[in-house]
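This report refers to the structure that appears directly beneath it.
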Amino acid sequence: MDFEFTSEQQLLQDSLRRYVDKAYSFEARTALLAADKNGSAENWGIFADNGWLMAALPEAYGGLGGSLVDTVIIAQELGRGLVLEPFLGCGVLAAQTLLGAASEAQKVRLLPQVADGSYRVALAYSEPGSRGMPEPVALQAERTGDGYRLAGRKSLVLGAPGADAFIVSAQIPKTPGVSLFLVEADCAGLECQTLPLHDGSWVQELQFDGVEVAADALLGEAGQGLPGLRQGLANGIVALCAELIGAMEKTLEVTADYLKVRQQFGVPIGSFQTLQHRLADMAAELELARSSLHVALASMANDEEATRYKTVSGSKMLICRAARFVCGQGIQLHGGIGMTEEYLVGHYYKRAVVADVLLGSSDGHEAACAAALQAELRA
Amino acid sequence: MDFRPDASLEVFRQEVRQFLRDQVPADLKGQQRCTRSPREQIMRWQKLLNERGWGAPYWPKEHGGTGWTVPQILVFDDECSLAGTPTQDGFVHKMLGPVLNAFATPDQKAEHLPAVFNGERLWCQGFSEPGAGSDLASLRTRAERDGDCYVVNGQKIWTSYAHHADWIFLLVRTDPQVKKQAGISFLLVDMRTPGITVRPIRSIDDAHHLNETFFDNVRVPVGNLIGSEGQGWSITKFLLNNEHATTADLPELKRYMRELRLIGTTLQVAGKPLFERPEFALKLARLEAELQAIEMLVQRVARLDEQQNPASHTLGSMLKIRATELQQRMTEAQIEALGDYGAIAYAHPHEADPQQPFPLQALARGISNDMFLRRASTIYGGTSEVQRGIIAKMLFQL
Ligand SMILES: Cc1cc2nc3c(=O)[nH]c(=O)nc-3n(C[C@H](O)[C@H](O)[C@H](O)COP(=O)(O)OP(=O)(O)OC[C@H]3O[C@@H](n4cnc5c(N)ncnc54)[C@H](O)[C@@H]3O)c2cc1C
């Protein structure tokens, strides 16, 4: 085990921090929120040019051959700046699901375009009844003469506005298991409603009313999509957790600074022991969360499938709850100013609230963990 | 000690229900959920209550109030919340009103009370300043005597609903020479007076409740002083002690529980109602037990208050801490219960409907606005940290 960055990893972090400092000052972010949905095309170009979209993809498919650790380094820095570009939705969730689920020929054709940012794909898997979990899937893909007809609904599709295509999870009648399809965003019968989230980002809710796709839209084999989908989701959850580590770091820094300058009763409020202790608790929560992220990374690298997903669920629950506590207390320690739109800390809290809902809530993952644990104990 | 139900309370409940059913027009019922209604609705609702003789539901009879007991008040609040009526102007009913009843001259009462009862005048609270939050006594807004006026200069902040208010009750410094608490006075100011500027502050619940309020040579008749010069601090302590039960916001807590149950029975997860999920049911069970205890605590604090027992202050602080935390956890639980839709920023209940309705809009709208606004519950009305300090000091002499 090694907690130090290699020189390459350090370079990656440095380049991201420079980007975030420049493109995501509070003022710049506020302007971006007003101007467009999910950041700007120009910024997305910077993601592509710097290789951040290809970092964790194999060289065989136009990637840099890195790993989930690179994804984590990137996501953590993006979290510090509450970056709006859809790195999580397109750069991680969709890309890693393609990597896990598509056939060799499909990977060769699609991934290089994903890696260089020219083809944007989003993952449409969650439904009102599955709440961020990969199952159950209600959306139906009925076989037609030369393809499939899709009917159903997908909620909370991250990175959907501006995406060229969606990976859609579906149930093929009489074929057990989950199947994945690649559906172009502009196909007939697909209705996309663009919806805002609390943190200022945008998603889409997709309604499939008999969308016709060709046979080759099926990714990999019929009924065999679940392992790839779970692999993509696990990568996405780890990235989201890393993002929250960055958000907590920033919240702590901003709050500690404020406690030094804000005066009440003739002294800096940081001289009150109750606030010192609270800040210490927040810092401890952050470090426990960071360690939990490391647990997830270790498990993703070393464990077999069932253990991997149990561990990742545990980290999602622990880190999301830590983030809600740390960012919520960031507001509390600021008093009234923390409640305002014009001030930074409230926006970190909003992201923490959204992150808790995304990719399955803390309660959902706690239940998933408990079920996995029960299975272990039964065996 | 006796916990048997009080039959007369049920009679009272029927009376309130009948009023709500027969005398309240449909457009004042079934309102969108919110912590404070728009100005016009507050005014219409107040007028209607007054016509029924219920213009001041929380005040004793000798001040024109209903003289209801605490259990009656809880029933009234509950039934109004169930019917979805507008809110009243809490600033005047729960804060300024008791102050006027206790400290105002007959002339001042004659000037202000009729407008409170018939709903023609809404109030806001001008205490906090940029440099004076928890340390309220360090406030700097000055009021200098000039003939039969005070000339007010300074700035207030976090003035909730100043943009809807006709009048403001204000803490000002009338004597900068004496100990800081002793130099504070309590003034009533007409918001239309020249020299007052109100600037909006948007809060993280995506709404405009808060304001900065500036005073630039604002001339206020000396007759608008409540009590005597320098008495402002003791009046404020009187007022803030009344605030604990209000900040607990029991009717809202109960509404949150009703909504959680509704979400639990309405939404489906993996083909079954949400309430069948153990993680949801366990959480609801915990919240319900806490809510019941809070409801009892509200009544204990109120009873001690009635008896003017000083123990009500520490118990009130405990109530404030725990009830506001429960507000936060219940609204967070609502967000979680909404599943994927917990992340969606629905239009604020007071804003226009979106062109194309959002999915689940009828059930989910307003929930997140409340949840974000509830982060402030542990900040306003004396922060939780300050309340804990009060408890340690008063209860244990630490
Ligand atoms: C939504 C909202 C509505 C409001 N409405 C009104 C209104 O209508 N009228 C009005 O006058 N005011 C209003 N307020 C202001 C409110 O009363 C103040 O925010 C509150 O008194 C705290 O002051 P502050 O914001 O300056 O925070 P500060 O006092 O600066 O507190 C910052 C942090 O320091 C802590 N702290 C401060 N002193 C101590 C201490 N001695 N020991 C330990 N910890 C301490 C606090 O607990 C907090 O965590 C409102 C505030 C909000 C958020």
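The values are calculated or read from the model by the stated rules, or taken from the named source; none is laboratory data. Note that the coordinates shown come from a computational prediction; the quantities given were computed from them, not determined experimentally. Cβ sites come from the backbone with ideal geometry, for glycine too, and all protein chains shown count toward neighbours. Just so you know, the surface numbers come from the protein's heavy atoms only, side chains and all, with ligands and any DNA or RNA stripped out. Shrake-Rupley method; radii C 1.70, N 1.55, O 1.52, S 1.80 Å.
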*asked:* In region B:330-349, whose amide N lies under 15 Å from the spot 7 Å out along Cα-to-Cβ of A:Gln374? List them in ranges.
replied: none
*Cα centroid of region A:44-59 to Cα centroid of region A:113-166, whole Å*: 23
_Among B:Ala352, B:Ala333, A:Ala163 the positive-end extreme of the charge dipole of the protein assembly as shown (Cβ point charges)_ = B:Ala333
*Amide H neighbours of B:Thr66 under 5 Å, counting only residues 5+ apart in sequence or on other chains, H built in-plane at 1.01 Å?*
B:Ala56, B:Tyr58, B:Trp59
*Residue with peak Gaussian network fluctuation, chain A [Cα springs, cutoff 10 Å], from A:Ala41, A:Ala141, A:Ala185*: A:Ala41
*Within the accessible area of region A:121-221 (1.4 Å probe), percent carbon and sulfur*: 50
*From the backbone phi of region A:188-195, what are the Karplus-calculated ³J(HN,Hα) couplings (6.51 cos²θ - 1.76 cosθ + 1.60, θ = phi - 60°) in whole Hz, Gly and Pro given as x?*
5, x, 9, 10, 10, 9, 8, 10
*Amide H within-cut-off set for A:Ser126, under 5 Å, with H built and near neighbours excluded*: A:Ser155
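Over region A:121-221, what is the relative contact order in whole percent, taking alpha-carbon pairs under 8 Å and six or more residues apart? Walk me through the intermediate numbers first.
Numbers: 238 pairs, mean separation 30.6, N = 101.
Reported as a whole number, the value is 30 percent.
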*Inter-chain shielding of A:190-203 (mean C-beta neighbours from other protein chains, 10 Å cut-off)*: 4
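When you count, for each residue, the other Cβ atoms within 10 Å and take the mean per peptide, how do A:105-118, A:273-286, B:11-24, A:148-161 rank with the highest first? Please report the intermediate quantities before stating the final value.
Values: A:105-118: 17.7, A:273-286: 15.5, B:11-24: 14.0, A:148-161: 23.6.
Those peptides, ordered most packed to least, come out A:148-161, A:105-118, A:273-286, B:11-24.
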*Degrees, to the nearest 10: A:344-357 long Cα axis against longest axis of chain A*: 40
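What are the semi-axes of the equivalent ellipsoid of the protein assembly as shown, taken as the square roots of 5 times the eigenvalues of the Cα gyration tensor, listed largest first and rounded to whole Å? List each step's numbers first, then the result.
Values: eigenvalues 540, 173, 113 Å².
Calculated on Cα positions only, the semi-axes equal 52, 29, 24 Å.
Dipole magnitude of region B:214-314 about its Cα centre, charges +1 at Lys/Arg Cβ and -1 at Asp/Glu Cβ only, in debye to the nearest 20? Each step should come with its number before you reach the end.
Working: 12 positive and 13 negative charges, 71 e Å.
Charge dipole of region B:214-314: 340 debye, to the nearest 20.
What average number of partner chain Cβ atoms lie no more than 10 Å from the Cβ of the residues making up B:383-395? It would help to have the intermediate numbers written out before the result.
Values: counts 4, 2, 8, 3, 0, 1, 2, 0, 0, 1, 0, 0, 0.
That average works out to 2.
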*Within 10 Å of each Cβ in peptide B:263-269, how many partner chain Cβ atoms are there on average? Round it to a whole number, please.*
2
_Phi to ³J(HN,Hα) by Karplus 6.51 cos²θ - 1.76 cosθ + 1.60 over region A:79-94, Hz, x for Gly, Pro_ = x, 4, x, 6, 5, 9, 4, x, 4, 4, x, 9, x, 10, 4, 5
_Counting only other residues whose beta carbon sits under 14 Å from that of B:Asp175, what net charge do I get with K and R as +1, D and E as -1?_
+4
*asked:* In region B:132-147, what residues drop by 40 Å² or more of accessible area when the other protein chains are put back, versus the chain on its own? Use 1.4 Å, and skip ligands and nucleic acids.
replied: B:Asp135
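With only Lys, Arg, Asp and Glu charged, each at its Cβ (+1 for the first two, -1 for the last two), find how big the charge dipole of the protein assembly as shown is about the Cα centre; round to the nearest 20 debye. Walk me through the numbers before you get to the answer.
Details: 74 positive and 93 negative charges, 398 e Å.
Magnitude of the dipole: close to 1920 debye.
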*asked:* Using the Cα centre of chain A as origin and beta-carbon charges of +1 (Lys, Arg) and -1 (Asp, Glu), tell me which of A:Gly270, A:Ile319, A:Ala55 is placed farthest towards the positive end of the dipole.
replied: A:Gly270
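With contacts defined as alpha carbon pairs under 8 Å and 6 or more residues apart, what's the relative contact order of region B:120-165 in percent?
This gives 47 percent for region B:120-165.
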*asked:* What is the angle, in °, between the Cα long axis of helix A:26-35 and the longest principal axis of the Cα atoms in chain A? Nearest 10 is fine, range 0 to 90.
replied: 40
*Can you give me the relative contact order of chain A as a percent, contacts being Cα pairs under 8 Å and 6 or more apart?*
15
*Compute the long axis of helix A:226-261 from its Cα atoms, compare it with the longest principal axis of the Cα atoms of chain A, and write down the angle in degrees, 0 to 90, nearest 10.*
10
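Quickly estimate the mean residue ellipticity at 222 nm for the protein assembly as shown, helices only: each DSSP H run with n ≥ 4 gives -39500 (n - 2.57), and the total goes over all residues, rounded to 500.
-15500 deg cm²/dmol
Suppose all protein chains stay in the model; what accessible area per residue would a 1.4 Å probe give for region A:227-378, in Å²?
On the way: 5460 Å² over 152 residues.
Averaged over the residues of region A:227-378, the accessible area is 36 Å².
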*Pull up all non-local amide H partners of B:Ile157: gap of 5 or more, or a different chain, and H-to-H distance under 5 Å with H placed in the peptide plane.*
B:Ser128, B:Glu129, B:Thr213
*Taking the Cα-to-Cβ direction at A:Asp281 and at A:Ala60 and moving 7 Å from each Cα, how far apart do the two end points lie in nm?*
5.1
*Treat each spin label as a single point 7 Å out from the Cα along the C-beta direction, and report the A:Glu104 to B:Gln108 distance in nm.*
8.9
*Order of exposure, largest accessible area first, which applies to A:Asp216, B:Asp89 with probe 1.4 Å*: A:Asp216, B:Asp89
*Accessible surface ranking that places the most exposed of B:Met318, A:Met1 first, with a 1.4 angstrom probe*: A:Met1, B:Met318
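Explain nothing, just the number: dipole magnitude of chain B about its Cα centre with +1 on each Lys and Arg Cβ and -1 on each Asp and Glu Cβ, in debye rounded to the nearest 20.
Details: 45 positive and 48 negative charges, 97 e Å.
Value, rounded to 20: 460 debye.
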_Net charge of neighbours whose Cβ lies under 13 Å from the Cβ of A:Gln106, counting Lys and Arg as +1 and Asp and Glu as -1_ = -1
*So how far apart, in nm, are the two label points at A:Phe3 and A:Gln113 if each is 7 Å from Cα heading toward Cβ?*
4.4
*At a probe radius of 1.4 Å, figure out the A/B buried accessible area, summed over both chains, and give it in Å² to the nearest 100.*
3900
*Whenever you get a sec, line up B:Glu62, B:Glu385 from highest to lowest accessible area (probe 1.4 Å, protein heavy atoms).*
B:Glu62, B:Glu385
